[in-house]
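Notes to accompany the following structure.
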Amino acid sequence: MKRVIVEYAKLTKDILDLLIEKYPDGYDYDDIISFKNAKGETIKAVEVKTDDTTYLVKISTKLENAMEEYADDEEFFDDNDDFDVNIDEED
């Protein structure tokens, strides 16, 4: 299974849908995974899975706000310039 680390700016609609489905009321401390990246920095993320990929979505205040806004209004993603909708998910 492929593992992909995703930052807030590289979220896709599909990943946001997975996050909302798995964490409809937001995530708790117990849902957070901590690990060291290649640079030795500690990263905190939440995990969502598809059939072939595990996404580790980095935690930030912007992520929490985006999840709340998107859960309330699905047009939020389309109207928000923070997201790069033309990314290749394998980045």
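The values are calculated or read from the model by the stated rules, or taken from the named source; none is laboratory data. This structure is a prediction, so every number in the text was calculated from the model and none was measured. Positions of Cβ are generated from backbone atoms using ideal geometry, with glycine treated the same way; all protein chains shown enter the neighbour counts. Surface accessibility is based on the protein's heavy atoms, side chains included, excluding ligands, DNA and RNA. Shrake-Rupley method; radii C 1.70, N 1.55, O 1.52, S 1.80 Å.
Quick notes
- Approximating the spin labels as points 7 Å out from Cα along Cα→Cβ, the Ile5-to-Asp51 distance works out to 2.9 nm.
- Accessible surface of Tyr8 - all protein chains present, 1.4 Å probe, nearest 10 Å²: 30 Å²
- Accessible-area order (highest first, 1.4 angstrom probe) of the listed residues Met67, Met1: Met1, Met67
- Neighbours of Lys36 by Cβ distance under 15 Å: Lys/Arg scored +1, Asp/Glu scored -1, total +3.
- Only protein heavy atoms count here; under a 1.4 Å probe, Lys10 has an accessible surface of about 90 Å².
- Scaling against 2.2 N^0.38 Å puts the C-alpha radius of gyration of the range 1-65 at 1.06.
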